[in-house]
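K.L.:
Next up is a structure, given as structure tokens.
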Amino acid sequence: MRNHWLIRQLHEMLASHVRGKKVQIVSHWGGDPDSVGAAYVLDRCFRTFYEASEVGFLIPDEVSAHVKAIMTHIGFSEKNVTSPDAYILVDVGSLAQLGDLKTTVLESGKPVLVIDHHLQHSVNPSVMSVASPSYLAVSEMVYDLLEFLNVKPDKQMAEALFLGMYYDTVRLAVADSELAYKAANLLSQLNPSTIIGMLEPKIDEPERIARLKALRRINVFKLGEWFVVSSNVNGYLSSLARSLVSAGAHVALVGATKGEYAVVAARSSQDFQKYAGIGLGDDLAKYLLRKFEGDGGGHAGAARLRLKTSVDEALSEAVKGLSLLLGVNAVELAG
Ligand SMILES: [Mn+2]
């Protein structure tokens, strides 16, 4: 167990806020295999071991395609709990990641508990948090919670936790030996060939067209050693930003018009997150929210913002912001 003290604290908080209560579990916007895998096992534990009277799970904003595939496979679906007694936020590094559910959660007046493995900064004082960046995934924290409870995961639980750990460690590329031991333990209960493919789901035709069109419309900038691309699109923001990073961008900025706002999604590559020394969800978000009226945030490698301006203006200000934060000029590559 990575941190026995933290897991005991988690257990004690759950014991006092879940037993006999109606509990709403919420992930960060869009969800990902880690938040969904951890939420699935927590949902089961809340029913069985913590004796919650009702449990539901919600994903704010658009649910990503691979998350849908995983949920269908393990038999887990979203459920809205009416007037819950407590909110449990899973894998939520900042409250801005609650997207359209942020106000509902914060204005409920109910206990809010965050279970997370990111650095928690500027967390609202009314929010309780069990978090440690020493954990490589929330699914790993939940793995340790099962061990603490002396519960052996069944096949669905093993699949959910394995996918979460595998995804958040970039297919074990940033894992350590402790996580590898846990992953191996889970792997012995499942068939990798049936589940690992779910992390690369088939995309449907409209999304495929959107991705290809986003590529056609990009502007490419060189900021010192980093390549930054921006694209003005119509939808599928997170998916397009991710695909531009896998196409080779260190930072991808995509924006779409939504009413009188520009919604901007930003993603960065692993090496940018590791070596650039700036975070999209904090540094870049702060910069843009000083320039424009709006809201949003995220974490080091991913951000989503709503800004009261045009998409082109928001994207060019984002490039300017990155250039200032990195202390290098932005040079647009022509053609
Ligand atoms: Mn995570």
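The values are calculated or read from the model by the stated rules, or taken from the named source; none is laboratory data. In this text, all values refer to a predicted model and were calculated from it rather than measured experimentally. Cβ sites come from the backbone with ideal geometry, for glycine too, and all protein chains shown count toward neighbours. Note: areas computed on protein heavy atoms with side chains; ligands, DNA, RNA excluded. Shrake-Rupley method; radii C 1.70, N 1.55, O 1.52, S 1.80 Å.
K.L.:
Write down the percent of antiparallel bridges among all DSSP beta bridges whose residues are both part of the chain, to the nearest 5.
P.N.:
55
K.L.:
Each residue of region 246-256 in turn: what ³J(HN,Hα) in whole Hz from Karplus with 6.51, -1.76, 1.60 and θ = phi - 60°, glycine and Pro shown as x?
P.N.:
So the Karplus estimates, Gly and Pro as x, are 6, 6, x, 6, 7, 9, 10, 10, 10, x, 9 Hz.
K.L.:
When ligands, DNA and RNA are left out and all protein chains stay put, how many square angstrom of accessible area per residue does the chain have with a 1.4 Å probe?
P.N.:
Heavy-atom accessible area per residue stands at 44 Å².
K.L.:
Quick check: convex hull over the Cα atoms of region 1-122, volume per residue in Å³, rounded to an integer?
P.N.:
111
K.L.:
Could you give the spread of the C-alpha atoms of region 206-333 along their three principal axes, from largest to smallest, in whole angstroms?
P.N.:
Extents along the principal axes, in whole Å: 35, 31, 25.
K.L.:
Something else now. How much length is gained on full extension from K258 to L199, taking 0.36 nm per residue of separation minus their Cα-Cα distance?
P.N.:
18.3 nm
K.L.:
Please work out the FRET efficiency for the pair A173 and E225, using the Cβ-Cβ distance as r and a Förster radius of 25 Å; give the result to the nearest 0.05.
P.N.:
In this case the efficiency is close to 0.75.
K.L.:
Need one number: convex hull volume per residue for the chain, Cα atoms only, in Å³.
P.N.:
Each residue corresponds to 134 Å³ of Cα convex hull volume.
K.L.:
Over the residues of region 189-246, compute the C-alpha Rg and express it relative to 2.2 N^0.38 Å. Before the final figure, lay out each step's value.
P.N.:
Numbers: Rg = 15.1 Å, N = 58, 2.2 N^0.38 = 10.3 Å.
Cα Rg divided by the expected 2.2 N^0.38 Å: 1.47.
K.L.:
Still on this structure, please answer the following. Please find the FRET efficiency linking K274 to S108, where r is the Cβ-Cβ separation and R0 is fixed at 35 Å, and quote it to the nearest 0.05.
P.N.:
Efficiency, from the Cβ-Cβ distance: 0.40.
K.L.:
Of all alpha-carbon pairs in region 180-221, indicate the percentage at a distance above 16 angstrom.
P.N.:
61
K.L.:
Considering only protein heavy atoms and a 1.4 Å probe, what is the carbon-and-sulfur percentage of the accessible area of region 4-198?
P.N.:
Its accessible area is 53 percent carbon and sulfur atoms.
K.L.:
Along the Cα→Cβ direction, 7 angstrom out, place labels at H4 and L119. What is the inter-label distance in nm?
P.N.:
Between H4 and L119, the simple spin-label model gives 2.9 nm.
K.L.:
Assign unit charges at the C-beta atoms only (+1 for Lys and Arg, -1 for Asp and Glu), then state the dipole size of region 206-333 relative to its Cα centre in Debye, rounded to the nearest 20.
P.N.:
340
K.L.:
Taking every pair of distinct Cα atoms and averaging 1/r, then inverting, what Kirkwood hydrodynamic radius in Å comes out for region 37-108?
P.N.:
When all Cα pairs of region 37-108 are included, the Kirkwood radius is 13.3 Å.
K.L.:
For a quick protection proxy, order the peptides 68-75, 18-25 by their average other-Cβ count within 10 Å, most packed first.
P.N.:
Result, highest mean first: 18-25, 68-75.
K.L.:
In region 4-198, if the dipole is taken from +1 on Lys/Arg beta carbons and -1 on Asp/Glu beta carbons about the Cα centre, which of V105, H11, A184 is farthest to the positive end?
P.N.:
Positive-end residue among those listed: H11.
K.L.:
Counting helices only, and only those DSSP H runs with n ≥ 4, report the 222 nm mean residue ellipticity of the chain as the sum of -39,500 (n - 2.57) divided by its residues, in deg cm²/dmol to the nearest 500.
P.N.:
-12500 deg cm²/dmol
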